[in-house]
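The values are calculated or read from the model by the stated rules, or taken from the named source; none is laboratory data. Only a predicted model underlies this, so the values are computations on that prediction, with no experimental measurement involved. Backbone-built Cβ (ideal geometry, glycine too); neighbour counts: all protein chains shown.
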């Protein structure tokens, strides 16, 4: 009977962990920062669910689970970075009882979450130095930082052009949100980027990761927009919190490939359907990187 | 009674002319060459429907109808060019009876149609000098010339990458056709062009119009593909019959704007939805223009 109860408990723990991993794997709508903060919330919940006898075993179990979370979305550095910072912080905690450890680990995670939110707020404010009154702005996909900045400067008469963001239409989500806020918004297909780039003053996009040499991993299509901006002599800004900086190089990046079915067409003999979510924009196409530490111009 | 009968006849003629104009306006699937040849077929039919007493009146009525046809798709030069050539030919015809004129005008139109088909065939063969065995080729939208060339060299082990072609999915139509023919085809979103350009040996696209200075009017998104090809050092070829050459400059071009509803989202206050079908690729991004007259390299 005791064995059965333990088995049920273990099976339940497995279920919730897998459920959380699946949530992160399948969340195609949230940006990398949002997902990273969500991972910290998940970690805070898991701490209370892990049943062990000591702090050491608890740390080991947390580490295993965190590795799985980090690997759930390999293209999204903030998840890796934020969880790694948390693990590093946990290692430096003094020896506690199990209960004290749980409380401290929670607090550490919550601090990181707040640091991230504060960073995003700072980036948003830094962005406002770029988004002059009446600016015509083009962006790509859905960046919560860009969305927040647009909200803040909507009284400035700025207007926005964004492409729909096939296959999951994150650009459409942004357009719905900014137009509902009273910002003049034009929604286009990705294919019209080359036409509309000539109608805007600047481009600003978010990022999933900033690589070691300044290259930007972001939603597939970003590098096309950067090329179009360069050809039209329009400045191209990348705005994100510094948690998104990574020591990875282009060679290290594994681009996530998602199900072909999202394109609404089945694969068959001789017909492959590709659905990569991210691409890499070379540093030389970027005018400046904007983080909570300020605006860094590309020299 | 006689007046009534005449009125009915006139109203019927109006209907068929308007029906034909509507057909050309609403045909979003056919390429410019196909549509131009279809316009000649329509003209051949209209010649037999126009009821006049003399050749001069007939010529006047034809000219009025042809102008309407030419204006039905202002971005598509082959329609303008082919019909203009036909009108010019008609003017040089000797004085005939009405019936003789009808027959000669028919013959002239049919000759032009055949000249166009022969030109496309020659372009296809010229393309084969570019599409080496095992070439990995990227294209854009649906060009009947490119489709025909792919069919001809499918035993060479060539493979094709094409993006879906929002909003009407002409690229998907091409991918369905080439894969059914046994050509290894990869279908992507427009947003993945920057990723897949690095995987191909060359790009070849059709054209709706080649402008005076070599710029190419083609399905919106073509200029993004050309920018990506240049950045990846991949040659970019344009293949089409010479009827597509125009004396227009970039300043003369009116880009067709189609209904927003094709994007599947409604306009509302503060939200505009744009749906331009064509963009212009600058000549400097083009490696060579391939017409029935041969391959002209860009110097």
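Selection of the range A:167-179 for residues being surrounded by 23 or more Cβ atoms within 10 Å (Cβ to Cβ) and either touching a helix residue (DSSP H, G or I) at 6+ places or on another chain (Cβ under 7 Å) or more than 7 Å from chain B (Cβ to nearest Cβ) (or both) yields A:171, A:174, A:178. Considering the conditions (1) at pLDDT below 95; (2) under 27 Å from residue A:161 (Cα atoms), residue A:265 is excluded by exactly one of them, (2). Just one of the listed residues (A:254, A:241) is surrounded by 15 or more Cβ atoms within 10 Å (Cβ to Cβ) and at pLDDT below 95, namely A:241. Examine the range A:192-204 for a residue that is in contact with a helix residue (DSSP H, G or I) (Cβ under 8 Å, 6 or more places away or on another chain), closer than 15 Å to residue A:240 by Cβ and crowded, with 21+ Cβ neighbours inside 10 Å, and state whether such a residue exists. So far as the range A:192-204 goes, yes, one or more of its residues are in contact with a helix residue (DSSP H, G or I) (Cβ under 8 Å, 6 or more places away or on another chain), closer than 15 Å to residue A:240 by Cβ and crowded, with 21+ Cβ neighbours inside 10 Å. May I ask you to verify whether residue B:60 is surrounded by fewer than 16 Cβ atoms within 10 Å (Cβ to Cβ), part of a helix (DSSP H, G or I) and modelled with pLDDT of 95 or more? It is false that residue B:60 is surrounded by fewer than 16 Cβ atoms within 10 Å (Cβ to Cβ), part of a helix (DSSP H, G or I) and modelled with pLDDT of 95 or more. In the list A:42, A:79, A:46, which residue meets the criterion of being assigned to a helix (DSSP H, G or I), under 26 Å from the mean Cα position of the chain (by Cα) and modelled with pLDDT of 95 or more? When all the criteria are applied, what remains is A:42.
Please verify whether residue B:182 is on the phi > 0 side of the Ramachandran plot, within 11 Å of chain A (Cβ to nearest Cβ), surrounded by fewer than 23 Cβ atoms within 10 Å (Cβ to Cβ) and part of a loop (DSSP other than H, G, I, E, B), treating the condition exactly as stated. So residue B:182 fits the description; yes. Residue count for the range A:244-276, restricted to those that are within 19 Å of the chain's Cα centre (by Cα) and within 14 Å of another protein chain (Cβ to nearest Cβ): 9. How many residues does the range B:277-299 contain that are modelled with pLDDT under 95, assigned to a strand (DSSP E or B) and within 11 Å of chain A (Cβ to nearest Cβ)? Counting residues in the range B:277-299 that are modelled with pLDDT under 95, assigned to a strand (DSSP E or B) and within 11 Å of chain A (Cβ to nearest Cβ) gives 1. Under 8 Å between Cβ atoms, at least 6 apart or on separate chains: pull out the pairs that start in the range B:98-109 with a residue that is assigned by TED's automatic domain parsing to the domain that holds residue B:59 and end on any residue that is modelled with pLDDT under 95 and surrounded by fewer than 13 Cβ atoms within 10 Å (Cβ to Cβ). The qualifying pairs are B:98/B:53; B:98/B:54; B:102/B:48. Looking across B:135, B:144, B:116, one residue alone is surrounded by 13 or more Cβ atoms within 10 Å (Cβ to Cβ), more than 28 Å from residue B:233 (Cβ to Cβ) and not assigned by TED's automatic domain parsing to the domain that holds residue B:78. It is B:144. Within the range A:233-243, take every residue that is within 14 Å of another protein chain (Cβ to nearest Cβ) and not in a strand (DSSP E or B) and give me the one that is nearest to residue A:124 (Cα to Cα). Checked the range A:233-243; the qualifying residue nearest to residue A:124 (Cα to Cα) is A:234. Summed over the range B:185-207, the residues that are outside any strand (DSSP E or B), more than 10 Å from chain A (Cβ to nearest Cβ) and under 23 Å from the mean Cα position of the chain (by Cα) give a count of 2.
Select from the range A:208-225 the residues that are over 23 Å from residue A:121 (Cβ atoms) and facing chain B (nearest Cβ under 9 Å) and list them in ascending order. Within the range A:208-225, A:220, A:221, A:222, A:223, A:224, A:225 qualify. The residues listed here are B:120, B:161, B:146; of these, the one that is in contact with a strand residue (DSSP E or B) (Cβ under 9 Å, 6 or more places away or on another chain) and either more than 10 Å from chain A (Cβ to nearest Cβ) or touching a residue at least 60 places away in the same chain (Cβ under 8 Å) (or both) is B:146. The criterion of being more than 14 Å from chain A (Cβ to nearest Cβ), assigned to a loop (DSSP other than H, G, I, E, B) and touching a helix residue (DSSP H, G or I) at 6+ places or on another chain (Cβ under 9 Å) does not hold for residue B:84. Going by the conditions given, is residue A:228 at the interface with chain B (Cβ under 8 Å from one of its Cβ atoms), surrounded by 21 or more Cβ atoms within 10 Å (Cβ to Cβ), free of Cβ contacts under 8 Å to residues at least 40 places away in the same chain and touching a helix residue (DSSP H, G or I) at 6+ places or on another chain (Cβ under 9 Å)? Spelling it out, residue A:228 is indeed at the interface with chain B (Cβ under 8 Å from one of its Cβ atoms), surrounded by 21 or more Cβ atoms within 10 Å (Cβ to Cβ), free of Cβ contacts under 8 Å to residues at least 40 places away in the same chain and touching a helix residue (DSSP H, G or I) at 6+ places or on another chain (Cβ under 9 Å). Is it true that residue A:228 is outside any strand (DSSP E or B), within 18 Å of the chain's Cα centre (by Cα) and not assigned by TED's automatic domain parsing to the domain that holds residue A:26? Judged against the criteria, residue A:228 is not a match. Across the range A:152-176, the qualifying residues are those that are at pLDDT 90 or above and assigned to a helix (DSSP H, G or I), and the one among them that is nearest to residue A:125 (Cα to Cα) is A:174. Of the candidates A:60, A:88, the single residue that is without any contact (Cβ under 8 Å) to a residue 12 or more places away in the chain and under 13 Å from residue A:112 (Cβ atoms) is A:88.
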